[in-house]
Structure formats: structure tokens, C-alpha cells
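Here the structure comes first, spelled out in C-alpha cells, and everything after it is commentary.
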Amino acid sequence: MIKTYVFALFLLVFLYCSPVFSEQIKANEQTLLIDQVALYLAKDKEELKEEQITSLSKKIIPNKHQYPSDIIAKLFLLLADVATNEGDIEKAYQFALDGLAVNTSHTKIRLCLTLKLAEVYVAKKQYKDLLHVAEQAVIQSGAIKNIKYSLFALGYRSVAFAMLGQHQKTLADLKQVELSISSNKVFSEHIELLTILATAYQALGDFHTSLTMQNKILTLRYELSRTANIDQTYMRLAQANLSLMRLDEAYNHFWEAKRFARDKEADISVAYAQQGLGIVLFMQNEFNKALVELESANDTFKQKNVTSSYIETAIYIAKIKFNAYQLEQAYNILDELQALIKESEMKLEFIDFYQMVAQMHFNKNNFKQAFLWQEKYSILLQKKNQQSQNIATTPYYFSLSKVNNSLEKRQSLEQARELTIKMAEESELSTSFANKYQKQQRIILILSFVCFLLMITLMFFYLSIRAKRISLVYQEAENPTNFFLKSMQTKHTYQLLYKKARLHQYPITVVYFTIENWQELEFRFNKKSILNEVGKDIAQVISEHLDEFDCAGILNRGEYLLLFEYQNEDDITQKVDKLSKALQLRFIPSIGDFSILSRYAIKTPSFKDIDPYMFLAKLTEAEEL
């Protein structure tokens with residue numbers, strides 16, 4: 001009897017506790033999934049794996065009412081990024097719209113989704129929609145004061161303005177981008193920004209400018225070891241070369257794009273590369289080889305429901321069938337395409353389709369239909385001829401300005417083109433800049449000797465340099481504790497110490513130290529004297545926490561570089577942490593109770609880190625994350 005009561009009591013306790021335990025397990029699982037979303041979002045979006053993100057979404061989306069709206073929006077952003085990596089523009093478009101439909105208060109995620117939608121509109125060539133979205137992105141990026149996203153938004157808006165013929169606005173946006181890059185050198189090597197601008201000129205018809213920039217992007221990808229989406233860069237290079245009728249170069253780049261896309265198992269990207277290969281082979285009259293590539297591409301397009309690309313590829317297949325006098329097969333393809341191409345979609349890309357359909361009806365003695373289709377072909381041909389006027393000597397957008405007889409537009413376009421190329425050229429890695437700088441110095445030295453024709457003896461030259469060095473030593477010894485190296489001196493000293501540490505194989509630890517709320521400080525106390533006083537106090541606090549042989553200098557306003565020779569990360573982490581806390585507690589009379597907040601990134605170069613400026617770029621990226 002007692003055993004029965006004990007068992008019943010145990011059963012009641014178990015029934016009471018089991019829901020509590022299950023709820024706890026469920027809560028723990030949700031927390032784990034939320035952490036995974038945050039972890040993937042912090043990674044480079046080009047490195048995201050489709051299977052990982054898809055698996056995560058299958059666990060969260062069916063139960064999305066149980067998760068915060070911010071998490072759902074972040075998940076849609078991840079899905080859109082993965083779709084873009086795979087070359088699936090339609091999926092990326094849908095995921096971006098789904099993410100924007102989520103009622104989230106996270107302004108940065110909403111901005112990222114807006115920029116993703118802009119990227120999709122560029123690929124879909126919907127430039128009016130692109131302008132609307134880019135305008136939103138400019139406003140949103142300005143609200144959160146994020147320089148990187150502001151540059152992307154301006155880049156997309158410049159694309160929209162250029163394609164809609166508003167060329168002076170294009171120039172204004174490009175000037176803003178160039179000004180921001182000049183004051184924030186980290187962005188001068190940003191692949192995504194350069195890709196946006198290169199895509200604009202590809203769409204405008206300035207294939208030489210696009211090719212120049214895409215070659216720079218390809219170099220950057222290899223030098224920065226960012227090769228995850230290198231297939232897409234090869235695709236754009238191939239398209240630019242194809243537009244310039246450089247068929248051999250186009251074939252090689254399409255082949256590379258196909259190889260890299262297969263390596264990352266991006267089926268749609270492989271299909272686009274095969275389509276490009278087929279077109280090049282068709283233009284080289286290699287019809288059998290072209291047919292193999294085109295049919296393989298179209299199988300993928302049909303499977304993945306990429307309708308527009310399927311139509312374009314099928315048109316080339318029909319051309320090959322016509323050339324081989326396989327008329328029945330060609331007619332079957334044309335009949336299928338007539339059901340897919342809507343009357344309102346009379347695109348220049350489909351111009352050959354209308355001619356082939358007219359020929360098909362003519363061959364079948366259906367002359368009335370042949371005349372109607374030939375008329376459609378004539379309309380598109382006339383439109384194409386208008387657009388391609390003078391295309392052999394000038395880009396498409398320059399010919400437009402000639403038709404409009406607008407000198408002001410031509411000047412704006414030329415300035416915008418020159419400014420874009422300038423930004424591409426200025427994005428050279430710092431090592432290239434150093435080599436160019438040394439060459440320029442040698443040329444200047446030689447010219448100086450020729451111009452002034454001064455006979456300087458070796459002894460006088462040696463003594464003058466020695467005197468200058470001694471003078472600099474005395475000046476450094478007399479500097480106050482809050483004296484910091486200026487930006488150029490900081491970079492020079494950093495490069496010198498970095499190379500010396502590598503040469504003599506001793507550790508050097510680099511700290512990238514930023515004032516997190518410096519922009520807010522400038523906005524609230526917009527007075528030069530106050531900002532100078534704050535800068536002196538910050539310098540003094542940093543100096544107080546450095547030892548005798550430690551080195552500090554300014555990179556940009558609110559950004560500092562600290563160098564510690566013969567010390568590892570563990571040796572200085574505590575020191576820099578104390579410095580950050582001391583700076584936060586520092587009372588500066590001119591700004592009252594405004595608290596200085598700071599962030600920092602610490603790293604010791606390994607034997608793999610050869611170039612000092614690439615190492616500094618990685619360090620600044622780590623600090624942003």
C-alpha cells in the first residue's frame with residue numbers, strides 16, 4: 001500500500017516538473033540558435049555556407065513567432081547574402097523583401113537589407129527602383145552615422161543617377177565617395193564599393209573603365225586573400241572583354257569563373273559562366289562546342305527557374321539549330337519561347353528571337369504572321385541602332401550626350417569617369433604606393449640636382465643630413481608628454497618598426513585605439529578650440545599609461561596607433577584596458593559630463609604577416625567587428 005502511494009506521488013511530481021523541464025530545454029535551444037545567427041552575421045558574408053544558413057532557417061522560420069523580430073530580419077539578411085553568393089538573384093530579392101517586411105527596430109539590419117535590395121536591382125537593371133531604394137539607404141546611413149554603409153548607398157545612388165541620365169547628380173555622389181575615401185583610407189581597398197562603381201560603367205557602356213576597375217578588384221581579391229566570390233569578378237571581367245570583342249580574354253575569364261563557381265558548388269553561377277562560354281564559342285563559329293555549354297546552362301536555368309537567362313540562352317541554341325538546318329528543333333524552341341516572352345517584354349536582348357520567329361512563319365508560308373514579327377524586329381532594331389550610334393568610338397552614355405548636344409552633360413560624365421578611375425587607382429595597396437613614392441623621390445632628387453646645378457661634396461651632404469637628424473632628436477626630446485606623431489609620421493614610424501621587428505625576429509604588438517563616440521563629440525561640440533583641447537587631454541591620458549620606449553601616434557581624428565616592441569599581446573592587454581577605463585573616467589572641463597568611450601584591437605604579427613599595411617587593415621577590420 002505504501003509503495004503504491006510513493007509511486008503515485010513520484011508520478012505526480014514527474015508530471016508537474018516535466019513541462020518545466022521541457023520549457024527550459026526549449027528556451028536553451030532558442031538561445032543557442034539566436035547566438036548562431038549573431039555569429040554568422042559577424043562573419044564575412046562571402047564566406048557564408050548555404051547549407052549552414054539554410055539549416056538554421058529551417059529551425060527558426062517555422063517558429064518565427066517565438067523569436068524577436070530582429071533575429072528574423074537578421075536571418076533573412078543572411079539568406080539573401082547566401083543567395084547572392086550562389087548567383088541566385090531572384091532568391092536574394094525575395095529574402096531581402098521578406099526581411100524588410102519584418103517589423104524590426106534594428107536600424108543597421110534594416111539598412112543592410114535595403115542595400116541588399118539595391119544590389120539586386122542593379123543585377124536586374126531596374127534603375128528607377130534602385131534610385132528609390134538608394135535614396136532610402138542614404139537617409140538611413142546618415143541617421144546611424146555609418147561611413148561604410150553611407151559609401152555603399154552613395155555608390156548605388158550614383159549608379160541609378162547615371163543610368164537615368166542625371167549625370168551631374170552622379171558626379172556629385174562620386175565626389176562625396178572620393179572625399180570620404182580620402183579621409184578614411186581603409187575604404188580605398190573595399191572590394192564591394194569598387195564593384196558597385198565598376199558595375200555602373202559596365203551598364204553605361206563604358207567597358208574600358210569597367211575593365212580597368214574589375215582588373216583592380218581581381219588584384220585586390222588575391223592580395224587580400226578574399227577569393228570566396230572571385231568567380232563573380234571573373235564573370236564581370238569576361239563580360240567587359242566580351243563587350244569589347246576581346247573573345248580570347250573573355251573565354252579565359254568565363255572559364256576561370258566556371259572553375260571557381262564549381263569549386264564552391266554554386267550551380268547558377270556555373271550556368272552563367274557556361275552561358276558566357278557558349279556565346280563566345282558561338283561568336284567564334286565553334287557551334288558544336290557552344291551547343292554543349294549552352295544546353296548545360298539552360299538545364300540549370302530551367303531547374304532553378306531563372307526565366308530571363310533561360311530565354312537568352314535558348315535564343316542562342318535556336319540560332320545554332322538554324323545554322324545547322326535543324327529547323328524542327330529550332331521551331332520547337334521558338335514555340336516554347338513565344339509562351340515565355342510577354343508582349344510587354346520587348347527587350348533588346350531578345351531582338352534575334354523576333355527575327356527568327358518571323359523567318360519561321362515565312363518558311364511556313366504564314367506571311368501575315370511573318371510580317372507582324374518582322375515589324376516587331378524592326379522596331380527593336382531601330383531602337384538598338386539609336387543606342388549604338390557612335391558606339392565604336394565612344395561609350396554609350398557619351399553618344400547620348402552628343403545626341404542631346406549638351407556640353408554640360410559631357411563634361412559631367414567625363415569628370416565622373418575620371419573621378420571613378422582615380423578612386424580605382426588610389427585603391428592600390430600601400431606597398432605599391434611605397435614603391436611609387438620612392439621612385440618619385442629619386443626623380444625629384446635628380447631633377448633638383450639638374451635644375452640647381454649645385455656641386456655638393458659627399459662630406460657636405462653627409463654633414464647636412466647628420467645635422468638634420470641631430471636636430472630632430474633634440475626636438476623629440478623636448479616634446480611634451482601629450483605630443484603625438486602626426487598621421488604621416490605615424491605611418492612612417494609604424495612601417496619602420498614593423499620591418500625592423502621582422503628583420504631581427506622580435507615581437508611587436510600593435511594596438512588600434514579609436515574613440516568610439518568621436519563623431520558624436522564633434523557634433524555636440526562643433527568648435528575647433530574645444531576639440532583641440534579634448535585631443536590634448538586624450539593624448540595626455542595615453543602618454544601617462546605608456547612606458548618610456550612605447551610609441552603612439554595619430555592615424556585620423558579619433559584614431560590612434562600604439563606600438564609596443566618586445567612585448568606580446570598578453571603583456572599589454574591589461575595596460576590598454578586600464579587606459580580605456582582611465583579615458584572614460586577622465587573629466588574634461590570643456591565638455592562637462594560627456595564621457596569619452598573607446599574601443600581597441602590588439603594583435604601581434606605572425607611570420608605570415610609580411611606587409612605592414614595589410615596587417616593594419618586586418619586589425620582595423622577586427623576592431624569594427
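Shown for the range 170-292: the carbon plus sulfur share of the solvent-accessible area, taken with all protein chains present and a 1.4 angstrom probe, equals 51%.
Heavy-atom accessible area with a 1.4 Å probe sorts Ile446, Ile72, largest first, into Ile446, Ile72. Summing +1 for each Lys or Arg and -1 for each Asp or Glu among the other residues whose beta-carbon sits under 12 angstrom from that of Asp88 gives -3.
For the range 83-131, the solvent-accessible area works out to 43 Å² per residue, with a probe of 1.4 Å and every protein chain left in place. Sorting 531-540, 376-385 by average packing, meaning the other beta carbons within 10 Å per residue, from highest down gives 531-540, 376-385. Among the listed pairs Lys527/Lys618; Lys43/Lys527; Lys216/Lys491, give every one whose C-alpha distance is greater than 31 Å. With Cα atoms farther than 31 Å apart: Lys527/Lys618; Lys43/Lys527. For the set Lys536/Lys581; Lys116/Lys148; Lys528/Lys603; Lys45/Lys116; Lys45/Lys258; Lys91/Lys264, the pairs lying more than 23 angstrom apart at their alpha carbons are Lys528/Lys603.
Ligands, DNA and RNA are left out, and with a 1.4 angstrom probe the accessible area of the range 487-623 is 55 Å² per residue. Modelled this way, with points 7 Å down the Cα-to-C-beta line, the labels at Ala339 and Lys289 are 3.5 nm from one another.
Using the Cβ-Cβ distance between Tyr325 and Gln441 with R0 = 60 Å, the FRET efficiency computed as 1/(1 + (r/R0)^6) comes to roughly 0.30. Could you grab the relative contact order for the range 487-623? Cα pairs under 8 Å, six or more apart, rounded to a whole percent. Computed value for the range 487-623: 37 percent relative contact order. Residue-wise HN-Hα couplings along the range 539-550, as the Karplus relation 6.51 cos²θ - 1.76 cosθ + 1.60 with θ = phi - 60° gives them from phi, are 4, 5, 5, 5, 4, 5, 9, 10, 7, 4, 9, 6 Hz; Gly and Pro carry x. Solvent exposure of the range 159-218 amounts to 32 Å² per residue of accessible area, where only protein heavy atoms count and the probe is 1.4 Å. Between Asp571 and Leu39, full extension at 0.36 nm per residue minus the direct alpha carbon distance yields a gain of 188.7 nm. With each label modelled as a point 7 angstrom along the Cα→C-beta vector, the Ser595-Asp263 pair spans 4.8 nm.
Straight-line cross-link partners of Lys499 among the aspartates and glutamates, defined as a Cα under 17 Å from its Cα and at least 8 positions apart when in the same chain: Asp550, Glu565, Asp609, Asp611.
Summing Lys, Arg as +1 and Asp, Glu as -1, what charge do residues with Cβ under 13 Å from the Cβ of Leu113 carry, Leu113 excluded? Local charge sum for Leu113: +1.
Computed over the range 487-623, the percent of Cα pairs more than 20 Å apart is 45.
Each of Val576, Ile530, Phe564 was placed along the dipole of the range 487-623 (beta-carbon charges, centred on the mean Cα), and the one lying farthest toward the positive end is Ile530.
Between Ala582 and Lys64, the distance separating the two model label sites (each 7 Å from Cα on the Cα→Cβ line) works out to 5.1 nm. Once the Cβ-Cβ distance of Ala228 and Gln382 is raised to the sixth power relative to R0 = 45 Å, the FRET efficiency obtained is 0.55.
The spacing between the range 75-126 and the range 220-235, judged by their C-alpha centroids, is 22 Å.
The spacing between the range 550-625 and the range 31-56, judged by their C-alpha centroids, is 29 Å.
Legend: calculated FRET efficiency, Tyr506 to His545, from the Cβ-Cβ distance at R0 = 22 Å, rounded to 0.05, equals 0.45.
Multiplying the residue separation of Thr307 and Leu453 by 0.36 nm and subtracting their alpha-carbon distance yields 45.3 nm.
The values are calculated or read from the model by the stated rules, or taken from the named source; none is laboratory data. Because the structure is predicted, anything quoted here is derived from the model rather than measured. Note that we place each Cβ from the backbone using ideal geometry, even for glycine, and neighbour counts take in every protein chain shown. Quick note on the areas: whole protein, heavy atoms, side chains included, nothing else; ligands and nucleic acids left out. Shrake-Rupley method; radii C 1.70, N 1.55, O 1.52, S 1.80 Å.
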